[in-house]
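Beneath this line is the structure, given in structure tokens, with notes to follow.
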Amino acid sequence: MNQVMETIKNRRSVRKFKKEQLKDSEIEAILEAAIYAPTALNEQPWHFTVIQNKELLDEINIVSKKTLAENPDSMKNLPESLINAMSNPKYNILYEAPTLIVVSGNKNAHAAIVDCSAAIQNMLLAAESMNIGSVWLGLVRPYFTTENVKKLNIPENFEPFYGVAFGYKLIEKAKPAPERKKDVVNYIK
């Protein structure tokens, strides 16, 4: 099998990380993959904030959980198991990963959230190709709605969309991919 296809098929969201911090060269490679993502009109409307400060990572976890708890409507589409987990003080929405990259998009771009999502997918695949664990996080979004977001120094006219947690995998052997739906294609020739 081609190496790219193998990486795509082997990548899984990782939720258990070693405490050891990633090397700068590994983060730079992941970011390089991000900036080579396809982008509408070649706008490249993304900005990446790399967070490795333990206190700030802890704050993002605590504030996100607190903000979600204070706004029950924001949790109505979450699975009950996740809602229950969030009430556990030990539950960490960042899974105690040593690095978080916040991906923001230019508010004036044609398709910023789509372009940033493509950049995130490239980051996830690049990380997997280096045997680095990753998980795409939506639960950090409540943090972006608070005044605390100013600590991230996101450029003006940019909106933070998602976070992606990275770290060395605590468990090396990933579970096989769940069965994929095969009846999702039709051809018109």
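Please list the helices of the chain that count as membrane-span-like by this rule: a mean Kyte-Doolittle hydropathy of at least 1.0 together with Cα atoms stretching 15 Å or more along the helix axis, each helix being a complete DSSP H run. Walk me through the numbers on the way to the answer.
Numbers: long enough: 24-35 (16 Å, 0.66); 54-70 (24 Å, -0.25); 112-129 (25 Å, 1.03).
Helices passing the filter in the chain: 112-129.
Protein heavy-atom surface of the chain, 1.4 angstrom probe: 52% of the accessible area is carbon and sulfur, with nucleic acids and ligands not counted.
Using a cutoff of 8 angstrom between alpha carbon atoms and counting only pairs six or more residues apart, the relative contact order for the chain works out to 37 percent. Of 171, 99, 116, which is farthest on the positive side of the dipole of the range 93-189, counting Cα position, with +1 on Lys and Arg Cβ, -1 on Asp and Glu Cβ, and the Cα centre as origin? Result: 171, furthest along the dipole toward the positive end. Can you give the longest run of the chain that contains no chymotrypsin sites (Phe, Trp or Tyr not before Pro) sitting in a DSSP loop with at most 13 other Cβ atoms inside 10 Å? So the longest stretch without any such site is 92-186.
Counting Lys and Arg as +1 and Asp and Glu as -1 over every other residue whose Cβ lies under 13 Å from the Cβ of residue 112, the net charge comes to -2. Charge tally for residue 103 (other residues, Cβ to Cβ under 15 Å; Lys, Arg +1; Asp, Glu -1): -2. With protein chains left intact and a 1.4 Å probe, residues in the chain average 62 Å² of accessible area per residue. At most 15 other Cβ atoms within 10 Å plus a DSSP loop assignment makes a site exposed; report the longest stretch of the chain without any exposed GluC sites (Glu not before Pro). Excluding the exposed sites themselves, the longest stretch runs over 44-155. In terms of its C-alpha gyration tensor, the range 3-168 comes out oblate, because a/c is 1.5 or above while a/b does not outweigh b/c.
How much length is gained if the chain between residue 179 and residue 25 is pulled fully straight, taking 0.36 nm per residue apart and subtracting their Cα-Cα distance, in nm to one decimal?
Using 0.36 nm per residue and subtracting the Cα-Cα distance, I get 52.0 nm.
The values are calculated or read from the model by the stated rules, or taken from the named source; none is laboratory data. Everything numeric in this text was worked out from a predicted model, so none of it was measured. Neighbour counts run over all protein chains shown; Cβ positions are idealised from the backbone, glycine included. Ligands, DNA and RNA are stripped out before the accessible areas are found, and what is left, the full protein with its side chains, is counted by its heavy atoms. Shrake-Rupley method; radii C 1.70, N 1.55, O 1.52, S 1.80 Å.
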